[in-house]
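Novice: Dumping the structure here so I can ask a few things about it.
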Amino acid sequence: MDYQKLVTVMRGLSLEAGDKIMQIYGQDDFEVKTKSDESPVTIADEAADKIISDGLRAAFPDVMLVTEEQSATHSARGDTFLIVDPLDGTKEFINRRGDFTVNIALVEAGVPTRGVVYAPARGRMFFTLADGSAVEETGDFPKGQMGPVTPITVSNPDNSALMVVASKSHRDQATDDYIAKYNVQDMKSAGSSLKFCLIATGEADLYPRVGRTMEWDTAAGHAVLAGAGGAVVRFDDLTPLKYGKADFANPFFIAHAPGVELKAP
């Protein structure tokens, strides 16, 4: 894989998709449909998916592609592939809360190694460079070239005063019960894959997810977090979260800065 080309293509496609998403977001109204799993989907999901999947197939025709919005790709099998969630946080989008993201990642041998997470309504973009390290880009996000970037790294947490981030749309008692095992200084709420990025920048230390997610929900954020020195482990046995599972469904997991002393479930 030409990682420099990959980073350039992923960044560019995320910006194109983000522009389309924001164009629809600015409309007075847009149609919301319901998929077979009862999750919502909008024209923005579908338009962003076309931009990204067409671009990736053109640039990397020989690499397996899995994307949330194309069910035909969900039967693909392999441990090395590109994986896309064109609009993560559709509920945030529908409710106009802003915490939605464009997610594109490369998984190699079951591990997310490169990725981009772009939050167009928040004006934040996180991605991995060709060497796998993670950065946040600032500025106006020019299409033709990368703008100013700042290396990001996880916190060195104080286990007596942790900063925890949890889901806005999927918070439940099981999550609260697990968080109660820690000494928490403060809590943040965030939607979509931004939670991984808040740990990657050191703005949070711990993100437990006791609920259903799919690999396309997590791969890009996982790659960014890993590039910043963080980790994502299974909730049940604290082993690394792997990708390329038969149904692309994740077990419960914990994303964290390595300095966090993880508690058993």
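Novice: For region 82-95, enumerate the residues that are more than 16 Å from D49 (Cβ to Cβ) and buried (at least 21 other Cβ atoms within 10 Å of the Cβ). Steps first, please.
Specialist: Pass one, region 82-95, residues more than 16 Å from D49 (Cβ to Cβ): 91-92, 94-95.
Selection gives E92 alone.
Novice: Sticking with this one: If the requirement is being over 16 Å from the mean Cα position of the chain (by Cα) and under 21 Å from N95 (Cβ atoms), which of these qualifies: T213, T138, T175, T150? Working first, answer last.
Specialist: Values: T213 fails: over 16 Å from the mean Cα position of the chain (by Cα); T138 fails: under 21 Å from N95 (Cβ atoms); T150 fails: under 21 Å from N95 (Cβ atoms).
Unique residue meeting the criteria: T175.
Novice: Which of the strands (runs of 3 or more DSSP E) found entirely inside region 1-118 contain at least 2 residues meeting this: over 18 Å from A249 (Cβ atoms)? Don't jump to the end; show me each part of the working.
Specialist: Details: elements: 32-34, 40-42, 65-67, 81-88, 101-108.
Fully inside region 1-118 and qualifying: 32-34, 40-42, 81-88, 101-108.
Novice: Mind checking which pairs have a first residue in region 77-101 that is among the charged types (D, E, K, R) and a second that is crowded, with 24+ Cβ neighbours inside 10 Å and part of a loop (DSSP other than H, G, I, E, B), Cβ under 6 Å, 6 or more apart or different chains?
Specialist: Close Cβ pairs satisfying both conditions: D85/E68; D88/S192; D88/S193; E92/F100; E92/G191; D99/G89; D99/G191; D99/S192.
Novice: Exactly one of (1) more than 21 Å from S155 (Cα to Cα); (2) in contact with a helix residue (DSSP H, G or I) (Cβ under 6 Å, 6 or more places away or on another chain); (3) buried (at least 24 other Cβ atoms within 10 Å of the Cβ) is unmet by E215. Its number?
Specialist: That leaves (2) as the condition not met.
Novice: Please tell me if V224 is outside any strand (DSSP E or B), of a type outside the set (D, E), closer than 28 Å to S133 by Cβ and out of contact with any Asp or Glu (no Cβ under 7 Å at 6 or more places or on another chain).
Specialist: Details: outside any strand (DSSP E or B): yes; of a type outside the set (D, E): yes; closer than 28 Å to S133 by Cβ: yes; out of contact with any Asp or Glu (no Cβ under 7 Å at 6 or more places or on another chain): yes.
For V224, the condition - outside any strand (DSSP E or B), of a type outside the set (D, E), closer than 28 Å to S133 by Cβ and out of contact with any Asp or Glu (no Cβ under 7 Å at 6 or more places or on another chain) - is met.
Novice: Condition test on E261, is it among the acidic types (D, E), assigned to a loop (DSSP other than H, G, I, E, B), touching a residue at least 24 places away in the same chain (Cβ under 8 Å) and within 21 Å of R171 (Cβ to Cβ)?
Specialist: Answer is no for this residue.
Novice: Find all pairs meeting these conditions: Cβ atoms under 6 angstrom apart; at least six residues apart or on different chains; first residue within region 142-158 and farther than 16 Å from L225 by Cβ; second residue loosely packed, with under 13 Cβ neighbours inside 10 Å.
Specialist: Qualifying pairs under 6 Å: G147/G139; P148/G139.
Novice: Suppose the filter is within 18 Å of R122 (Cβ to Cβ) and either of a type in the set (A, V, I, L, M, F, W, C) or surrounded by fewer than 17 Cβ atoms within 10 Å (Cβ to Cβ) (or both); does D247 pass it? So that I can check it myself, show each step before the final result.
Specialist: Numbers: within 18 Å of R122 (Cβ to Cβ): no; either of a type in the set (A, V, I, L, M, F, W, C) or surrounded by fewer than 17 Cβ atoms within 10 Å (Cβ to Cβ) (or both): yes.
So D247 does not fit the description; no.
Novice: Look at F141 and say whether it is farther than 26 Å from K35 by Cα, assigned to a strand (DSSP E or B) and in contact with a Gly (Cβ under 8 Å, 6 or more places away or on another chain). Quick ask: steps written out before the conclusion?
Specialist: Details: farther than 26 Å from K35 by Cα: yes; assigned to a strand (DSSP E or B): no; in contact with a Gly (Cβ under 8 Å, 6 or more places away or on another chain): yes.
So F141 does not fit the description; no.
Novice: Taking the condition surrounded by fewer than 24 Cβ atoms within 10 Å (Cβ to Cβ) and outside the structural domain of F248 (by TED's automatic domain parsing), does M125 pass? Working first, answer last.
Specialist: On the way: surrounded by fewer than 24 Cβ atoms within 10 Å (Cβ to Cβ): no; outside the structural domain of F248 (by TED's automatic domain parsing): yes.
When the stated conditions are applied, M125 does not pass them.
Novice: Residue pairs, Cβ under 6 Å, 6 or more apart or interchain, first in region 175-200 and among the basic types (K, R), second not in a helix (DSSP H, G or I). List them.
Specialist: As it stands, the answer is K181/K263; K188/V165; K188/A204; K195/V165; K195/Y207, since those pairs meet every condition given.
Novice: Is it the case that region 12-30 has a residue that's surrounded by fewer than 13 Cβ atoms within 10 Å (Cβ to Cβ), of a type in the set (D, E) and out of contact with any Ser or Thr (no Cβ under 6 Å at 6 or more places or on another chain)?
Specialist: Among the residues of region 12-30, at least one is surrounded by fewer than 13 Cβ atoms within 10 Å (Cβ to Cβ), of a type in the set (D, E) and out of contact with any Ser or Thr (no Cβ under 6 Å at 6 or more places or on another chain), which makes the answer yes.
The values are calculated or read from the model by the stated rules, or taken from the named source; none is laboratory data. Because the structure is predicted, anything quoted here is derived from the model rather than measured. We place every Cβ from the backbone using ideal geometry, glycine too, and count neighbours over all the protein chains shown.
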